[in-house]
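Report on the structure given below.
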Amino acid sequence: MPGNGIKNVMDNNNPSNSLALEYSRSTIDPEERFARLEEIVEYMGEAIIATTDTVENLAHRVDNLALLLEEQAEQVQQQGYQVFALNDAIETLVQSQSDSQAQIEQLTEALHSFVIAVNSANSHKSS
């Protein structure tokens, strides 16, 4: 669209065209040029505000994710402590079971010896 000056450059999104060259070649009167420049500045301002809002939103999201990660790290640490405590409890239980097994074996041997002694005493009385 010849004759549209700066607007033409923006609409085409053609980076090879220089905004300054297009502006200087235009045959638009100064008031219209100024109005178009105002539009461009306003558009750029809106784009900057939108970008700033987006960056702020992303920053809030990153902060929230950081808090969640911190909470999860705490939970993992607590679970680690719980696993360690559970491991200690299991080791204690295994040791207690082993001790109990040894005591049962000693008791069984003692009862076996007692039964043999009683049977032997009974067989001597009977004879």
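Quick notes on this structure:
- Test result for Tyr43, among the hydroxyl-bearing types (Ser, Thr, Tyr), modelled with pLDDT of 90 or more, in contact with a helix residue (DSSP H, G or I) (Cβ under 9 Å, 6 or more places away or on another chain) and surrounded by 10 or more Cβ atoms within 10 Å (Cβ to Cβ): yes
- Residue among Asn119, Asn87, Asn57 that is assigned to a helix (DSSP H, G or I) and at pLDDT below 95: Asn119
The values are calculated or read from the model by the stated rules, or taken from the named source; none is laboratory data. Nothing here was measured: the structure is a model prediction, and the numbers come from that model. When we count neighbours, we look across all protein chains shown, and the Cβ atoms used for this are built from the backbone with ideal geometry, even at glycine.
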